[in-house]
Structures are given as C-alpha cells and as structure tokens.
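Written below as structure tokens is the structure these notes are about.
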Amino acid sequence: MTDLFARKELDPTAGDNRIRPLADRVRPEFLDGFYGQEHLLAPGKPLQLAIEEGRAHSMVFWGPPGTGKTTLARMIANTTESHFIGLSAVMAGIKEVRAAVSEAQQYRDTHGQSTVLFLDEVHRFNKAQQDAFLPFVEDGTLTFIGATTENPSFELNNALLSRARVYVLKPLKEPDLKQVLVRALKEPSGLGEQSIKLDDQAERLIVMAADGDARRALNILELAADLAPLHKGMHIIDEAVAKDVVAGSRRRFDKQGEYFYDQISALHKSIRGSDPDASLYWLMRMLDGGCDPLYIARRMIRVASEDIGNADPRALRLCLDAAETYERLGSPEGELAIAQACIFLACAAKSNAVYRAVQGAKADAKEFGSLEVPMHLRNAPTRLMKELGYAKNYRYAHNEEDALAAGENYFPDDMQPVKYYHPVPRGLELKIREKLAEIKRRNQQHEEADND
C-alpha cells in the first residue's frame, strides 16, 4: 500500500521541487522547525514526549486548517519505530481501511512490529467506515491517529473516541506566523535560493490575511514571490504586492462547521448579555467570513422571541423588518438594517419567560398524553353536540366584568392548573406581570365566594 505520509527526502536542486507547493516543501520534519502549539509541545508534555521518544499512542488532532495536524503526524511517522500507514478520508473508503488492516496484521506477524494508522480528514468517514477499523484499534493491531477540523464529539464513534487522546490545536499567533515566513524565505527547499526580500508592511498584511493558518500564509507568500518585481538583484515583496495577493481574503469561517457554530453562539450570547458592541463585532465577523446575512437575520428573529419576548414585543417586528429590508436591498445596504436590529436586541429589556413557559407546557403535553378537552370548552356547531353537553356552562368572557370570567378553569378536568408563564419585572412584562396578578386576585375572590 502506498504510504501517503512517508518521509520524503528533499533535494533542493531536483527539477520537480518547485512544482510542489511551498507549504509542502518547507514542512518541518522535527520539532525544532515547528512553531505554535506551545500548550501541547512544551518540554515534558505527553505529545512532545511521544514525538521526541518515537512512541505513538492513539490520538486525534483537532483544530482549524494550517495549524500543524498533518505535520505532527508526519513527525510521529519519522520518529516512531512502528510501521506507519497514512490515508486520507477524502480518497479512502472501507476497502482501503481493510487493506491497511491486512498490512498491519502482516507486519505484526512477520516482523513483530506494531502499526500506526494516520487518517487525515477523519470527520469525512461515516460511522460504518469508522467501525471497519475500530476492532483492530481495540485489539492493538492498529494505533490510530486522526486529524480533523470538526468537533470529534460529533464526528467520531464514542468507542473510538474513548480509546484516543484528543489534542486541540489552536490558530497560530502572529509571532509564530512570522517565524513560519522567515523559515520559508531561508530554507533552500523553500524560497532560500531565490533572493527574495519581504518588507515589514507586506509581512504584516500576509500575517493578518493568514488569520492563524500557516498553510494560507505560505500560499500567499508563494504567490507574492511570483509577483515580486526585481530590484538590484532582489525580488522585493512590498506592501503593494502583498495587497494585490491578499485582496478578497476572508477570515476563518467554516460554514456549518465548528467555527460557524462558535461564532453564532458568541453573537447570540452577546445579545443576551446586553452588550451591543460585542454583538456588533460578532455580527461583522460572520459577515466578513461570508455568512449568509439572511441566516443571521433568521437567528435574530429567534433571539427576539427567546431572550426578549414580551419584555419588548417590538424586537420581533424589527427583526422581521430587517430581514425583509435585506431581501429588498441585498448587500451591503441591507446589512445595515440587520446591524440595527442586532443593536436593538442587545439594548432591549430581556426576558426568557416565553421560552421557559413553552418548555414547561411542552413537557406536560408529552407527560399527560391526550387528556380530554373539558365539555364547556368544546365547540357545539350541531344540535347533537349541544344535546351531548358540548359548550354547556361556557362563560363568554366578553359578557363578564372587565372581560374576565373569574374563576373559570381552562385546563383539562384531569389536570391541575399549572403556571408556566412567569413575566419578569422588566420592560412591558412588568405591566403584564401586574395584570396577571390582578387576574389571580379576582380568581381567588371568586373561589372564596363559591366556597362560602
């Protein structure tokens, strides 16, 4: 089987070296050339020891693109004494997994050697495909190393996840990205033999556009090097060249992925926390990353009901108007209406009383089943239904004082009345709270009169 992640001996003079992307050519083979992830690779940390001592245990690298997941797996391949098989879930299926298992069994039986199976993009494997190699992880035939940009909690079988240690990789910080660029400019396998100078402003632009992604930084650098004009024997990557290359770059925003849900969660919680500035920041982050503005508008309609509710009913209408405005105007004009709604929601009085009431009523509806509708609450459009007692003794509220049928019961006969809705003492719900208190007092008076 072809090992996709075997050690590659690089020859800077090889004719096909420049054909390979810069990010692949300068991929470090040892920790001294790896930047970032200090929380995992500090001396004495389990991952650092596993790489330095050539030992492998089942693990999952989880993090955004360009943070070193594949590079760390290759380092383990270069240092471990185990047989190493690398697969990509984009190209591999159950057939390839079975072949890897067969190869691992052969190495174990003939050489007494264990096998490390590295599976890149492991989140692309469905549960059945993961099940194909799970038994061989359990019996020790394979040591599993996976790399994923998605949350392993949702993408990996629990049995597999319980046997692998999850390492969370973080976006690279600016100093780390700068060192990645410096190394690429110096390495003979990179751009070291091309007399390229990167000025400070261009470096700053590339680092900002990379947004924590080393691969993106190197791809931008490689494009900029191709466009850099020659000046006194040096190709100068200045601010103008960098701007041309990074134009249109977007921040990290994986639609429907982990970062998508993290950012929409941050927006929702900032609105709930009544912070208009943070709310606006996360809104702009999502729009800058390419999120559909109508998705955000729909989410804010939900927020208007869940977190504001009757404390300020205007919020729901304003969100609906913002969505309609965007549909009519599009971007960028319509985005201003969404921003207006976002700020209004953050500043509005908060109440989740409606949300809690719905959850409570939903739970009781499920628990009590199909309780009969009381006879006095049923409609009686026919003579037969009237004869059967439908609508008998129903009190028409509008004929009562203040349009209130005090003491009337609207719950099923076999269920005790329950109070689901508890208005908060804020915004319009303060008035609703007072109104319901008055209704409760009138009902109690009616009950006391009946008892007398």
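The values are calculated or read from the model by the stated rules, or taken from the named source; none is laboratory data. Note that this is a predicted model, so its numbers are computed, not measured. Using ideal geometry, Cβ is built from the backbone for each residue, glycine included, and neighbour counts are taken over all protein chains shown.
Given the condition touching a Pro at 6+ places or on another chain (Cβ under 8 Å) and crowded, with 16+ Cβ neighbours inside 10 Å, answer yes or no: does some residue in region 288-308 qualify?
Within region 288-308, the first condition is being touching a Pro at 6+ places or on another chain (Cβ under 8 Å), and the residues that meet it are none.
No: zero hits.
Does THR141 satisfy the criteria of being hydroxyl-bearing (Ser, Thr, Tyr), closer than 20 Å to TYR35 by Cα and either surrounded by 22 or more Cβ atoms within 10 Å (Cβ to Cβ) or free of Cβ contacts under 8 Å to residues at least 60 places away in the same chain (or both)? No, not satisfied. The condition of being aliphatic (A, V, I, L, M) and buried (at least 19 other Cβ atoms within 10 Å of the Cβ) holds for only one of LEU223, LEU230, LEU161, LEU156, that being LEU156. Would you confirm whether any residue within region 425-437 is loosely packed, with under 15 Cβ neighbours inside 10 Å and part of a loop (DSSP other than H, G, I, E, B)? Checked against the condition, which is being loosely packed, with under 15 Cβ neighbours inside 10 Å and part of a loop (DSSP other than H, G, I, E, B), region 425-437 yields at least one hit. Residue count for region 72-85 under the criterion of being surrounded by fewer than 23 Cβ atoms within 10 Å (Cβ to Cβ) and either among the polar types (S, T, N, Q) or at pLDDT 85 or above (or both): the result is 4.
Yes/no matrix, rows are residues, columns are (1) at positive phi; (2) hydrophobic (A, V, I, L, M, F, W, C):
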| site | (1), (2) |
| --- | --- |
| PHE154 | no, yes |
| ALA159 | no, yes |
| ARG163 | no, no |
| LEU172 | no, yes |
| LEU177 | no, yes |
| PRO188 | no, no |
| SER195 | yes, no |
| LEU205 | no, yes |
| ALA209 | no, yes |
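Here's the yes/no breakdown for (1) assigned to a loop (DSSP other than H, G, I, E, B); (2) crowded, with 16+ Cβ neighbours inside 10 Å; (3) of a type in the set (D, E, K, R); (4) at pLDDT 90 or above:
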residue	(1), (2), (3), (4)
GLY334	no, yes, no, yes
ALA341	no, yes, no, yes
PHE344	no, yes, no, yes
ALA349	yes, yes, no, yes
GLN359	no, no, no, yes
GLY389	yes, no, no, yes
LYS392	yes, no, yes, yes
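Rundown of residues vs (1) part of a loop (DSSP other than H, G, I, E, B); (2) modelled with pLDDT of 95 or more; (3) among the β-branched types (Val, Ile, Thr), yes/no style:
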site: GLN263; (1), (2), (3): no, no, no
site: LEU280; (1), (2), (3): no, yes, no
site: MET284; (1), (2), (3): no, no, no
site: ILE301; (1), (2), (3): no, yes, yes
site: ARG317; (1), (2), (3): no, yes, no
site: ASP321; (1), (2), (3): no, yes, no
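Has region 107-124 got any residue that is in contact with a helix residue (DSSP H, G or I) (Cβ under 9 Å, 6 or more places away or on another chain), free of Cβ contacts under 8 Å to residues at least 12 places away in the same chain and either within 18 Å of GLY66 (Cα to Cα) or of a type outside the set (Asp, Glu) (or both)? No, there is no match, as no residue in region 107-124 is in contact with a helix residue (DSSP H, G or I) (Cβ under 9 Å, 6 or more places away or on another chain), free of Cβ contacts under 8 Å to residues at least 12 places away in the same chain and either within 18 Å of GLY66 (Cα to Cα) or of a type outside the set (Asp, Glu) (or both). Evaluated against (1) crowded, with 21+ Cβ neighbours inside 10 Å; (2) β-branched (Val, Ile, Thr); (3) within 17 Å of the chain's Cα centre (by Cα), ILE264 falls short on exactly one condition, (1). Of all residue pairs spaced 6 or more apart or on separate chains, those with beta-carbon atoms under 7 Å, a first member in region 45-67 that is within 17 Å of PRO28 (Cβ to Cβ) and assigned by TED's automatic domain parsing to the domain that holds PHE34 and a second member that is assigned to a strand (DSSP E or B) and among the β-branched types (Val, Ile, Thr) are GLY63/VAL168.
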